[in-house]
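Written below as structure tokens is the structure these notes are about.
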């Protein structure tokens with residue numbers, strides 16, 4: 001076995017261990033902040049797996065989008081609303097836990113069964129395109145995958161308009177469910193100086 | 001384009017001469033450029049700290065450090081040693097694990113980004129195909145470290161500083177990436193080597209700064225904002241936030257933040273010189289010099305001369321930009337957080353989008369000047 005192959009195997013085992021343990025930590029840890037940071041670690045390790053597969057562009061995009069944008073936003077949101085509040089006790093928590101565990105285990109066994117019964121087509125390692133993959137991805141995005149690509153941008157546009165409507169209370173100044181006017185006094189928008197008392 | 005000196009190839013040939021296999025020679029070679037770049041980054045930080053102290057003193061009509069070595073050149077080393085032996089304090093109510101991991105997460109991506117900084121045709125750690133994109137994606141990890149240390153300090157100033165740092169670096173990353181994209185569009189490649197080679201045709205006249213003046217200014221502003229240099233140093237605004245996310249840090253952990261921010265500054269300056277100022281290129285093309293000297297371009301003398309000239313030019317350009325950054329820091333007032341976000345989202349983002357559109361149009365209209 002050559003040094004390169006050994007290094008790859010070591011990297012792969014470390015990365016997959018981090019992905020599995022990290023993902024378990026994300027759902028099992030009590031502290032939501034730790035879960036969010038662990039999620040970032042899981043995303044990073046997945047990017048490492050892409051690197052092992054010679055997909056460096058996908059790996060960098062994974063880091064940029066999932067770690068740099070999605071995970072930072074999650075952490076940001078958690079830190080802005082991090083109230084020290086005990087969760088309400090849920091009724092018959094034990095039976096709920098048993099049911100959810102059995103569902104998860106069934107799903108896992110199904111996936112393992114799929115993994116062993118299916119014949120996976122493995123690409124020829126000598127035919128990998130490596131650095132050229134960036135160009136290939138671009139070509140595919142603007143030819144046969146053009147529609148999904150454009151639809152994704154429409155989805156993002158919808159999310160952005162929704163966020164703007166929610167943030168700008170002067171457009172929608174009525175609570176939809178209650179019909180009451182929504183508090184419009186945003187501190188940032190106050191034209192009067194805040195520290196001087198009005199007469 | 002000539003291939004220049006290939007140190008890795010020569011090194012491997014020497015080791016093979018001792019009867020080692022090429023694989024083992026490669027493994028022995030691998031850590032050498034990494035160590036070299038790490039050492040040069042740290043030395044670069046020491047130089048920058050000294051420059052910062054001297055230039056700030058000159059800007060304020062003081063003398064600055066003068067007793068430690070000639071002109072105070074040993075002052076940064078003294079500072080570093082002081083931080084090294086200081087007591088490492090973790091506040092009692094802080095989250096000690098996240099408190100330690102924060103500074104590491106800030107420093108490591110910055111150092112990793114040095115992977116793609118070329119000092120010559122073959123003088124870089126690795127010519128990865130995704131080149132400049134690697135730097136953009138690595139620099140997006142930093143805010144997580146800042147948020148982590150801000151949260152773990154258990155201090156309202158730290159948390160506010162961390163949140164501000166994350167908001168700032170997310171908003172300035174977009175115009176930064178768009179202005180890089182305009183350069184990439186002209187080069188047809190993400191690799192830093194190709195970006196420099198594309199600017200090497202006619203010396204100073206073919207540098208990207210003439211073709212991308214708007215992109216150059218946007219990139220420089222955004223790079224300063226990403227480094228949290230003074231016009232944009234809101235995350236650690238002393239008057240409001242004590243020291244932002246670094247408030248509770250002392251000793252080596254503080255030094256990691258300090259090191260990270262200075263390495264990032266030098267890295268940004270290097271990348272500006274690579275993207276817009278012709279990288280290792282001399283204002284007069286080396287081919288013309290070799291013709292005047294009547295030596296073939298592949299002559300060993302010319303090769304060594306070109307390589308050393310390349311390193312000197314890259315460092316010189318980068319330190320010129322560092323000098324401008326230091327002058328800016330000591331002469332401009334700090335912007336407010338709403339002004340900062342306004343500048344980023346309402347000014348730089350539309351301008352950089354327009355710059356991208358115009359670059360694409362010019363590339364199609366004049367392919368010989370804007371890279372066909």
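Some values worked out for this structure:
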quantity	calculated
Full-extension gain in nm, residue A:98 to residue A:73, via 0.36 nm per residue minus C-alpha separation	5.7 nm
With Cα atoms, 0 to 90° folded angle of helix B:31-59 axis to chain B main axis	60
Ascending count of other beta-carbon atoms within 10 Å, so fewest first, for A:158, B:313, B:252	A:158, B:252, B:313
Rg over Rh [alpha-carbon atoms, Kirkwood Rh] for the stretch B:1-79	1.30
In degrees, nearest ten, helix B:251-276 long axis to first principal axis of chain B (Cα)	40
Point-to-point label distance, residue A:5-residue B:6, nm (Cα→Cβ direction, 7 Å offset)	2.6
Part-to-part distance (alpha-carbon centres) for the stretch B:156-203 and the stretch B:26-65, which is given in Å	22
Pairwise Cα inverse-distance average, inverted: Kirkwood Rh of the protein assembly as shown (Å)	27.0
Proxy reagent accessibility, fewest Cβ within 10 Å first, across A:104, B:222	A:104, B:222
Gyration tensor verdict on the stretch B:31-179 (Cα atoms; rounded if a/c is under 1.5, prolate if a/b is larger than b/c, oblate otherwise)	oblate
Rg/Rg_ref, chain B, where Rg_ref = 2.2 N^0.38 Å and atoms are Cα	1.05
The stretch B:243-294 versus the stretch B:312-340: alpha-carbon centroid distance in Å	12
Cα-based Rg / Dmax (Å) for the stretch B:310-372	17.5, 44
Within 10 Å of each Cβ in B:111-124, the average number of Cβ atoms from other chains	0
Footprinting exposure proxy for B:6, B:338 (fewest neighbouring C-beta atoms within 10 Å first)	B:338, B:6
Kirkwood Rh (inverse of mean 1/r, distinct Cα pairs), the stretch A:6-98, angstrom	15.1
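Where a number appears in this text, it was derived from the coordinates with a stated rule and is not lab data. Treat the numbers as computed from the prediction; the structure is a model and nothing was measured. So basically every Cβ, Gly included, is an ideal-geometry build from the backbone, and we count neighbours across all protein chains shown.
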